[in-house]
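Worksheet: one structure, shown below.
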Amino acid sequence: TVLVIDFGAQYAQLIARRVREAHVYSEVVPHSWSVERILARHPAAIILSGGPASVCEDGAPRVDPALFTAGVPVFGICYGFQAMSYALGGVVDRAAVGEYGHTDATVTEPGTLLAGSPEHQSVWMSHGVAVQAAPQGFTVLAHTAGAPVAAMEDPSLRLYGVQWHPEVLHTPLGQQTLENFLYHGAGLEPTWTSENVIGQQVERIRAQVGDHRVICGLSGGVDSAVAAALVQRAVGSQLTCIFVDHGLLRKDEVKQVQEDFVAATGIRLVTVDASAQFLGELAGVTEPERKRKIIGREFIRAFERAARDLQNEASADGQPIRYLVQGTLYPDVVESGGGDGAANIKSHHNVGGLPEDLQFELVEPLRTLFKDEVREIGRELGVPEVIVSRQPFPGPGLAIRIIGEVTPERLAILREADAIAREEMTRAGLDDEIWQCPVVLLADVHSVGVQGDSRTYGHPIVLRPVTSEDAMTADWAHVPYDVLSVISNRITNEVREINRVVLDVTSKPPGTIEWE
Ligand code: XMP
């Protein structure tokens, strides 16, 4: 394992992802960990991340020099680079000029770290403090206008550092630098592949679960589907999946889970068709928070009932269900305090507050993985591509995309319009660029139109394509006009009740991604 020590960087998770892209396993740990605790994990290498503090200030997080004499290769990045220099006796001080953004670095001596670099490379910087003199024994590899020591190494101690951010795409040779450290500096092999991950997780699940029975709730999304497929690979028919169809999914999604997913994975699936129940409870409700609360409550009820039925059956066979599979991902684990223990709060939250008395132990086979890795593993396991590449979709489903009361007729209209928008965006190759594209029915709004010489009085529909990194912030996606025009024509031609298509051009903030 390569441990990324997080000094409060925006980029610590990104570093771990880049390391994994180099096929080396990596995890993020907080800088508050002691050297003993870090070394107890037997890291193959350590990367010190950037961070907002200034090494020159009192109270800034320091690195214990003992970290550098343990024989573990270390790569310092930005703040981590400065903290490393400081700990080893280099001179760190205010930079003559701060550098933020694209910066030209002059490489005077490529060494191990910058092997293959041209004399000048463009790097992404963000610093107002610089290493003015490298610690004794280090070779200076590069400088910039604001950083006399912008990269350095001491290969005999296997210590390396750069002032810039090799992990961001704005540093074109950044991945090469990172790989130079991993493969040549630290001598690691690129052995972390999705096949190995599957193999390891299968072993781990078998060890945890033994011959006990397991259940898993499927949502139709990628995380729960891949988690279930992994557990299925590990313990086969000991797993039963529960799929609560709340009647608020998009066109074909129920079929994709019930037929395509089951056919591809051989999973035992119990579908609860609770759509009548959900729609009954939602009748007359227009207020978004009430919709969400009702759906959350009904979801738990339906899932719990199905789980209890299965539990009763299983207990009658003398095989009670002990485990519940969760599709918790690594970013959730890191965000809720990282590593060990702390993440349980979030896992329970993910279950949507399942009652304590169901008393299942959790199986979380995706806990160490990023979303793109989950997709890769899903493909490897044969999960259908429509599920693997699915964009985020809210738990309350189409109910929060119908502005007004949710009725079967309105759901049918929205499903058709949404399917057309998705089809055309995919056809135009926009799936990778766009984070997601909610399609929103303004069900209580009517507008006048004209079609075939006669007046129409239909509903407007809103396209809300956004780009985002993590859904916390988002921008409206600049979808080409040609694509918008095809979508608009098709929706107004093919969905009779819609006579107007409008585009949402609001970022988040101030708008949220969903309308409700
Ligand atoms: P907002 O609308 O808050 O959405 O900008 C951020 C992201 O979260 C999704 N979303 C939800 N996901 N349950 C979910 O599982 C929910 O209740 C929910 N509400 C919003 C939304 O689609 C977007 O990706």
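Values in this text are rule-based calculations from the coordinates and carry no lab data. Predicted model, so just to flag it, every value in this text is computed and none were measured. Reconstructed Cβ throughout: ideal geometry from the backbone, glycine too, with neighbour counts over all protein chains shown.
For the reader, a short list of remarks on this structure follows.
- Hull-based mean projected area of segment 1-79, where the convex hull spans the alpha carbons, in square nanometres: 4.9
- Positive-end residue, segment 398-503 charge dipole about Cα centroid, Cβ charges, pick of Thr473, Thr492, Gly449: Gly449
- Inter-label distance, Arg206 to Lys293: 4.9 nm, where each label sits 7 Å from its Cα along the C-beta direction.
- Semi-axes of the equivalent ellipsoid for the chain, Cα gyration tensor, largest first, Å: 47, 31, 19
- Given +1 at the Cβ of Lys and Arg, -1 at the Cβ of Asp and Glu and no other charges, the dipole of the chain around its Cα centre is 660 debye to the nearest 20.
- Fewest-first ordering of Leu430, Leu269, Leu48, Leu3 by other beta carbons within 10 Å of each residue's beta carbon gives Leu430, Leu269, Leu3, Leu48.
- Relative frequency of Cα-Cα separations exceeding 22 Å in segment 101-237, percent: 54
- Rounded to the nearest whole angstrom, the semi-axes of the ellipsoid equivalent to segment 111-155, taken from the Cα gyration tensor as √(5λ), stand at 17, 16, 7, largest first.
- Among beta bridges that DSSP assigns inside segment 2-185, antiparallel share in %, nearest 5: 60
- Normalising the Debye intensity of segment 214-322 to I(0), with uniform scatterers on Cα atoms only, and taking log10 at q = 0.16 Å⁻¹ returns -0.76.
- For segment 371-489, convex hull volume per residue from C-alpha positions, Å³: 138
- Per-residue HN-Hα couplings for segment 35-50 [Karplus 6.51, -1.76, 1.60; θ = phi - 60°; Hz; x = Gly/Pro]: 4, 4, 5, 5, 5, 5, 7, 6, x, 6, 6, 10, 10, 9, 7, x
- DSSP-defined beta bridges in the chain - what % are antiparallel, rounded to 5: 45
- Along the chain, the exposed loop sites are trypsin sites (Lys or Arg not before Pro) outside DSSP states H, G, I, E and B with at most 16 other Cβ atoms within 10 Å, and the longest stretch free of them is 63-495.
- Cβ-derived FRET efficiency at R0 51 Å, Asp317 paired with Tyr481, nearest 0.05: 0.25
- Relative to its residue count, segment 194-388 spans a Cα convex hull of 124 Å³ per residue.
- When only Cα pairs below 8 angstrom with a gap of at least 6 residues are kept, segment 2-185 shows a relative contact order of 20 percent.
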